[in-house]
Amino acid sequence: MGKIVALANQKGGVGKTTTAINLAASLAVLGRRVLLVDADPQANATSGLGLDINGTNIYDCIIGGVPAEEVIRPCPDVKKLDVLPSNINLVGAETELANLEDGHTRMKAVLDPLRGKYDFILIDCSPSLGFTTLNALVASDSVLIPVQCEYFALEGLGKLLNTVKMTKGKLNPDLDIEGFLLTMYSRTRLANQVALEVREHFGALTFETIVQRNIRLSEAPSFGKPALLYDAASTGSVNYLNLAKEFIKRNKKK
């Protein structure tokens, strides 16, 4: 049965969507069957993999009851990678889900039947702790948290971890922390200090792989490609391939 992992951090600009796109693509290149669920109304994970953001999307699944199989699309350039797309309509789901009796379990109902088709289902959450993100946490087995290697990196993490703790305590007792991923690393004293602080706080939960700041990672989405197809030799591409290998190794142990 496939494992569902939410990528979450309510602090924007930490490399969450970049990680979702490139980890999903790297896992697929390594032979795993992967579904990337775009649960962010900005739909950057959808467009970043070369898919049109118009048409049916995850909003139609969780609010309209459209089966996910009718909405999922194959990634144009990466075999074994499928995408459940998003668009701006998902903004309306925040209010609508809050008014539904089963509002916190709608995404779980959509994704659970797909577990048999995929090795990993990755959810790119919106940069908030609203109802859509809560849905993702309820649907997931674990949460992967990108942490930017810059000042105030740990700011807001407490609120996210409290949300994870609350979700685990009341709505999803099986929810675990997949790990903390250091992103946007540059060889500066500040970045080294942040990396050290994160490792001291979270120990073995911190991935050994560090994603370095890399212009190719920023450029690739505008071409609708993951970094490994845009520039396979780039630092960012190599970082995410190494992350995928570490991710697979960690999950073999569990």
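Values for this structure:
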{"read-out": "Residue within segment 15-31 that is in contact with a helix residue (DSSP H, G or I) (Cβ under 6 Å, 6 or more places away or on another chain), modelled with pLDDT under 95 and over 27 Å from residue 157 (Cβ atoms) present", "value": "no"}
{"read-out": "Restricting segment 126-157 to residues that are under 18 Å from residue 91 (Cα atoms) and hydroxyl-bearing (Ser, Thr, Tyr), the residue that is surrounded by the fewest Cβ atoms within 10 Å (Cβ to Cβ)", "value": "128"}
{"read-out": "Which listed residue is modelled with pLDDT under 95, under 25 Å from residue 241 (Cα atoms) and among the basic types (Lys, Arg), from 189, 199", "value": "199"}
{"read-out": "Sole exception among (1) in contact with a Phe, Trp or Tyr (Cβ under 9 Å, 6 or more places away or on another chain); (2) assigned to a helix (DSSP H, G or I) for residue 144, by number", "value": "(2)"}
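The values are calculated or read from the model by the stated rules, or taken from the named source; none is laboratory data. Note that the structure is a prediction, hence the values are computed from the model and not measured. Cβ sites come from the backbone with ideal geometry, for glycine too, and all protein chains shown count toward neighbours.
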